[in-house]
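Asks: Below is a structure I'd like to ask you about.
The values are calculated or read from the model by the stated rules, or taken from the named source; none is laboratory data. Quick caveat: nothing in here was measured; it's all calculated off a predicted structure. Cβ coordinates were reconstructed from backbone atoms using ideal geometry, including for glycine residues, and neighbour counts include every protein chain displayed. Quick note on the areas: whole protein, heavy atoms, side chains included, nothing else; ligands and nucleic acids left out. Shrake-Rupley method; radii C 1.70, N 1.55, O 1.52, S 1.80 Å.
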Amino acid sequence: MKWSVGVVASIAIAGLFFWLGSRQGTNNPPAGSPGAPGAATPGKGPAGPPPTAVDAARVKIAPLAKTISAVGSLRSDETVIIRPEVSGRIAEIGFREGERVAMGNVILRLDQSVQRAEMRQAEANVALAKSRIERSRDLHAKGFISSQALDDAESAYKVANASADLAAARLTKLDIKAPFSGIAGLRLISIGDYVREGQDIVNIEAIDPLKVDFRVPEIFLKQISTGQTLQVNLDAIPNIAFTGRVLAINPLIDANGRAVVIRAAIKNTDSRLRPGMFARVKLITNEQQEGLTIPEQALIPVGDDFFVFKITDGRVLRTKIDIGQRITGSVEVVRGLSKGDMVVTAGQPKIRDGVTVKFATLDGGAAPSTPQSANANTPAALPAPAAPVP
């Protein structure tokens, strides 16, 4: 029987592939045996996901001042709206808007022509009444007039003096003077205006020092007293804290908000602060030696509670804590953590309770060096196939 060349070549190739397949089967271990792809390393258990990189910080002890936070408004030390007591036409304005005025300076003068004429008339009546009472006394001493006539002359003299005093008082009312030194506001009148009694003219504000009024809950009543120090921060002037002292505590507690109204004073020598500004107040009640603090970004608020991710043995544990006062960038920990504990400060959305983590940064610095573990999920390399037998 004769075989063609093509048939012989096909049989040879098929035999070669069969031999290679049997060799590959002997070299590969069965699934689940040690060294097979995906198999666990003996003594180490099944491989898990790689650790999640997070930023962390240690719980530290820092000096703290016990404070009560509140909001309030700045008020002038003295404030008044100038209003005339009598009607009249404005003849002179003695101040400039936005500039200082001294106590006792005339800031507004009304037309005085009628009142000055009345004053001269009153003075003339006083002079006439005085001469009459002198003649009446002489005549009474000589017996030419009765005592009744002398009494009438003395009464007329007193009435004339009273009329003169009244005319002088009316004339004085036409000069409106500053009751204290301060800064004049924006005037609402002009020269020649006719103003009525009680009409608003201009406001005057004494702004050095300034007062700040704020409210605190009644539960803090025992912790506050006059003379205590406070710090005032203003949104209009950021990054600057102004120091003041408590002046007075309102004895009446507001029944609507159950709050105590407190008034303090702060210096304003450079006139940067103005009445009406919104103020954030920190009232320092007493000094605390030290307290536990963590970065504020470590907090996880849930309703009225606060949690942190505490790191223990490379794993995170969701821990509830109680917080105290807040400082710039930090918060006091009252309960739930100890000194030296580590908490996650960034990366919380990527983790959950019990997962393994590694440090990207610790205390704001570079991550500590840790040995890199081998990735257990990397499959074992397959042996190279044997060269075909020629």
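Asks: Among the residues of the range 291-305, is there at least one that is without any contact (Cβ under 8 Å) to a residue 40 or more places away in the chain, surrounded by 12 or more Cβ atoms within 10 Å (Cβ to Cβ) and closer than 22 Å to A53 by Cα?
Replies: Yes, the range 291-305 contains a residue that is without any contact (Cβ under 8 Å) to a residue 40 or more places away in the chain, surrounded by 12 or more Cβ atoms within 10 Å (Cβ to Cβ) and closer than 22 Å to A53 by Cα.
Asks: Among the residues of the range 63-122, write down those that are aliphatic (A, V, I, L, M), without any contact (Cβ under 8 Å) to a residue 40 or more places away in the chain and either farther than 23 Å from S190 by Cβ or open to solvent by less than 40 Å² (accessible area, probe 1.4 Å) (or both).
Replies: Of everything in the range 63-122, just one residue is aliphatic (A, V, I, L, M), without any contact (Cβ under 8 Å) to a residue 40 or more places away in the chain and either farther than 23 Å from S190 by Cβ or open to solvent by less than 40 Å² (accessible area, probe 1.4 Å) (or both), namely A117.
Asks: Given the structure, is S163 open to solvent by less than 60 Å² (accessible area, probe 1.4 Å), in contact with a Leu (Cβ under 8 Å, 6 or more places away or on another chain) and either over 30 Å from R100 (Cβ atoms) or outside any helix (DSSP H, G or I) (or both)?
Replies: no
Asks: Here's a follow-up. Tell me the residue from I176, I183, I191 that is assigned to a loop (DSSP other than H, G, I, E, B) and on the phi < 0 side of the Ramachandran plot, please.
Replies: I191
Asks: I'd like to know if the range 178-190 contains one or more residues that are open to solvent by 60 Å² or more (accessible area, probe 1.4 Å) and without any contact (Cβ under 8 Å) to a residue 12 or more places away in the chain.
Replies: Scanning the range 178-190, I find no residue that is open to solvent by 60 Å² or more (accessible area, probe 1.4 Å) and without any contact (Cβ under 8 Å) to a residue 12 or more places away in the chain, so the answer is no.
Asks: Return the pair list, or none, for Cβ contacts closer than 8 Å from residues in the range 311-323 that are farther than 18 Å from D363 by Cα to residues that are among the β-branched types (V, I, T) and loosely packed, with under 12 Cβ neighbours inside 10 Å, at least 6 apart or on different chains.
Replies: Final answer for the pair search is none.
Asks: Where in the range 242-317 are there strands (runs of 3 or more DSSP E), lying wholly inside it, with at least 2 residues that are among the polar types (S, T, N, Q)?
Replies: Per the criteria, 278-295.
Asks: Quick check, is A57 modelled with pLDDT under 95 and out of contact with any Asp or Glu (no Cβ under 6 Å at 6 or more places or on another chain)?
Replies: no
Asks: Here is a list of conditions, (1) surrounded by fewer than 20 Cβ atoms within 10 Å (Cβ to Cβ); (2) not in a loop (DSSP other than H, G, I, E, B), and E197 meets all of them except one; can you say which number that is?
Replies: Here E197 meets the rest and fails (2).
Asks: Next question, about the same structure. Among the strands (runs of 3 or more DSSP E) lying completely within the range 52-146, list those that include at least 2 residues that are hydrophobic (A, V, I, L, M, F, W, C) and in contact with a helix residue (DSSP H, G or I) (Cβ under 8 Å, 6 or more places away or on another chain).
Replies: 52-58
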